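The values are calculated or read from the model by the stated rules, or taken from the named source; none is laboratory data. Being a predicted model, the structure only gives us computed values, none of them experimental. Backbone-built Cβ (ideal geometry, glycine too); neighbour counts: all protein chains shown.
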Amino acid sequence: MSSKIYDLHSHTTASDGELTPIELVNAAKEAGISVLAVTDHDTTDGVAEAKQQGIQVGVDVLAGVEISSRWANQDIHIVGLNVDPNADVLVALLAQQQAFRVERSVKMGEKLEKLGYPGIYEAAVSKANGHVPGRPHFAKAMIEAGHCKNMEKAFSKYLGNGKKAFVKTEWATVAETVETIVGAGGVAVIAHPGKYKLTRMKLSRLVAAFSEAGGQAIEVCTGTQNAGETQTAASMAKEFSLYSSTGSDYHGPSGGWAQLGRFPSLPSDSRPIWELFG
């Protein structure tokens, strides 16, 4: 196994992370990360700045993105690694995704206002640093207004899938997302498979559809999965001959998020995704 430390799933203020691209790369350096993928939600806006800072401090920064997708009426996130941010197919898809995000954020604000929480949309916008506010921005606004104790409560009661302020969005399909990532020269990865709480049979169906569409990897070790979920992901990687990825899904230093590089090592019999990076 490589002696380098890879964290291939992280976020900046270009989406719902707490650190700017420069701050994130500096934090990765302090954490001993050798290779960092910047994978903001449906945008590559933070990549160029992060790459430049990586050159300055000695962290290899990969251009990445985490694309919201739909499969079997379920929201699934697909990470693209080593993509070309300027590829026409990727630029077009992300423009569509951003339009969906704008519409979703307005509807979430409307739902929260009807639930008796006026002004949350405006507060979420103020936290998004000029970008489209995502659910974590709404959660922080709810917490600061005293409506929720923490991020977990905000999601479990209001913002999580199927909850009171959740807005179903017709994202790109998993197949469309994979095709776009591959078309942009990247590697498609199923993000945090344990997070979707699928039965093993349904997860197997997802991985099969993903693989058939050209997907090449699955996150086996993350900062958000328990040991059983990691074991299941490793088993799926073997069953479908996929590469294994690893990443913290880091959003920032505040409570509730996994920290940079804080996840188990890949199983010794895994095929690590960095074998594809040359």
Check: Pairs under 7 Å by beta carbon, first residue more than 14 Å from Glu229 (Cα to Cα) and without any contact (Cβ under 8 Å) to a residue 60 or more places away in the chain in region 191-215, partner surrounded by fewer than 19 Cβ atoms within 10 Å (Cβ to Cβ) and among the β-branched types (Val, Ile, Thr), six or more apart or different chains?
Finding: Gly214/Val182
Checklist line | Extreme residue, surrounded by the fewest Cβ atoms within 10 Å (Cβ to Cβ), among residues of region 15-39 that are within 19 Å of Asn82 (Cβ to Cβ) and either at pLDDT below 95 or hydroxyl-bearing (Ser, Thr, Tyr) (or both) | finding: Ser34
Notebook entry, point to check: Does Leu112 satisfy the criteria of being at pLDDT 95 or above and more than 19 Å from the chain's Cα centre (by Cα)?
Noted result: yes
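Checking the condition surrounded by fewer than 16 Cβ atoms within 10 Å (Cβ to Cβ), over 27 Å from Ala213 (Cα atoms) and among the hydrophobic types (A, V, I, L, M, F, W, C), which residue from Val132, Val106, Val91 passes?
On the way: Val132 fails: surrounded by fewer than 16 Cβ atoms within 10 Å (Cβ to Cβ); Val91 fails: over 27 Å from Ala213 (Cα atoms).
The match here is Val106.
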Check: Counting just the residues of region 46-64 that are of a type in the set (A, V, I, L, M) and touching a helix residue (DSSP H, G or I) at 6+ places or on another chain (Cβ under 7 Å), which one comes out surrounded by the fewest Cβ atoms within 10 Å (Cβ to Cβ)?
Finding: Val57
Checklist line | Any pair with Cβ under 7 angstrom, 6 or more apart, that starts in region 229-253 at a residue that is closer than 19 Å to Ala37 by Cβ and ends at one that is of a type in the set (Lys, Arg) | finding: Tyr243/Arg271; Ser244/Arg271; Ser248/Arg262
